[in-house]
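Participant: Right, I'll just put the structure down here and ask away after.
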Amino acid sequence: MHKQGRRLFIGSSTDRHCFNIGFIDSGIGGLSILAEVSRDYPTQNYTYLADQEFFPYGDKPADELLMRLRSLVPQFVQGHSIDLLVIACNTASTGALAVMRELIKIPIIGVVPAIKPAAMESKQKRVGILATPATTESSYTRTLIKEHAKDCEVHLIGSSKMVQLAEAKALGGYIDRQLVSEILEPFHKFQVDTVVLACTHFPFLRKELAESLPTNVKLIDSAKGISRQVGRILSQLTHKNQVTTCKTKLLSTDDNVSSQKLQLALQSFLSQ
Ligand code: DGL
């Protein structure tokens, strides 16, 4: 059994029909997706699991990550009666979405790199993809590039260091701006005008990323697209007969991560 961590209630509204929407990520990153979805659908029930015991996902061998997800995700879905699951992690989605959909018989939305909108947005047809090493190497990402960015020059940066910087910042730590600039150096060299934030942790560094890149560079993430997908699926789900209390629960597999810190990370997004 994986640890489910302590629970935290961020807000609640009583006497409504709610679906249980589950989110999973290696850490705080998926909160950037939860923030968008819960802003759009404030009367649903949200359960978020940060798998910080296994953080970071992006530098783990693919088979180890798959084994972890095969065991953790069904347990999370069953244990919290999840109706709709968002795998709020590009690394887990590009590596394991198909397997998760075979394993778990509820609707599952995967967060994958927003390459199509970025290719359409790029004026110079020079696109940067900022992701984890696993996402940059995945065949899923390569296929997205082939299908949607044929007319673009695409430059990939895979950095677990950047993920760690985002996790540390969101949990109240210091952010090394010099290191952010060094990691982004290839995007300067290749003069990209659009960057895909292909890791859900990176919207937490939006300010630092924007300050380190030329002002003309657009940053594209997946949150709005995922929220629209959630809306489409919610409209197709049949309401359960029971009336429930809607609330948001934040859980971690790592007992050392304070619930209040997860709450603060979410609040920083909700107030953006
Ligand atoms: N937030 C995740 C992603 O979108 C995973 C980062 C990590 O744990 O390496 O890829």
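Participant: With the structure loaded, tell me whether residue 91 is over 11 Å from residue 22 (Cβ atoms) and in contact with a Ser or Thr (Cβ under 6 Å, 6 or more places away or on another chain) or whether it fails that test. Break it down into steps so the answer makes sense when it comes.
Facilitator: Numbers: over 11 Å from residue 22 (Cβ atoms): yes; in contact with a Ser or Thr (Cβ under 6 Å, 6 or more places away or on another chain): yes.
Here the answer is yes, as residue 91 does meet what is asked.
Participant: Let me ask something else about it. Condition test on residue 84, is it touching a residue at least 24 places away in the same chain (Cβ under 8 Å), of a type in the set (A, V, I, L, M, F, W, C) and more than 16 Å from the ligand (Cβ to nearest atom)?
Facilitator: Criteria met by residue 84.
Participant: Right, next: Scanning for something surrounded by fewer than 23 Cβ atoms within 10 Å (Cβ to Cβ) and within 10 Å of the ligand (Cβ to nearest atom), does segment 35-42 turn up at least one residue?
Facilitator: no
Participant: So residue 206 ticks every box in (1) under 15 Å from residue 160 (Cα atoms); (2) within 16 Å of the ligand (Cβ to nearest atom); (3) free of Cβ contacts under 8 Å to residues at least 24 places away in the same chain but one. Which box is left unticked?
Facilitator: (1)
Participant: Suppose the filter is over 30 Å from residue 236 (Cα atoms), in a helix (DSSP H, G or I) and at pLDDT 95 or above; does residue 182 pass it?
Facilitator: Answer is yes for this residue.
Participant: OK, next. Which of the numbered conditions does residue 72 fail, given that it passes all the others? Conditions: (1) in contact with a strand residue (DSSP E or B) (Cβ under 7 Å, 6 or more places away or on another chain); (2) within 15 Å of the ligand (Cβ to nearest atom); (3) in contact (Cβ under 8 Å) with a residue 40 or more places away in the chain.
Facilitator: (1)
Participant: Which one of the conditions (1) of a type outside the set (S, T, N, Q); (2) surrounded by fewer than 22 Cβ atoms within 10 Å (Cβ to Cβ); (3) within 11 Å of the ligand (Cβ to nearest atom); (4) under 15 Å from the mean Cα position of the chain (by Cα) does residue 161 fail to meet, given that it meets all the rest?
Facilitator: Residue 161 satisfies all of (1) of a type outside the set (S, T, N, Q); (2) surrounded by fewer than 22 Cβ atoms within 10 Å (Cβ to Cβ); (3) within 11 Å of the ligand (Cβ to nearest atom); (4) under 15 Å from the mean Cα position of the chain (by Cα) except (4).
Participant: Let me ask something else. Name the residue that is surrounded by the fewest Cβ atoms within 10 Å (Cβ to Cβ), counting only residues in segment 103-147 that are assigned to a helix (DSSP H, G or I) and in contact with a His (Cβ under 6 Å, 6 or more places away or on another chain).
Facilitator: 116
Participant: Could you please let me know if residue 180 is crowded, with 22+ Cβ neighbours inside 10 Å and not aromatic (Phe, Trp, Tyr)?
Facilitator: no
The values are calculated or read from the model by the stated rules, or taken from the named source; none is laboratory data. Everything numeric here is computed off the predicted structure, so don't read it as measured data. Every residue, glycine as well, gets a Cβ built from its backbone with ideal geometry; the counts of neighbours run over all protein chains shown.
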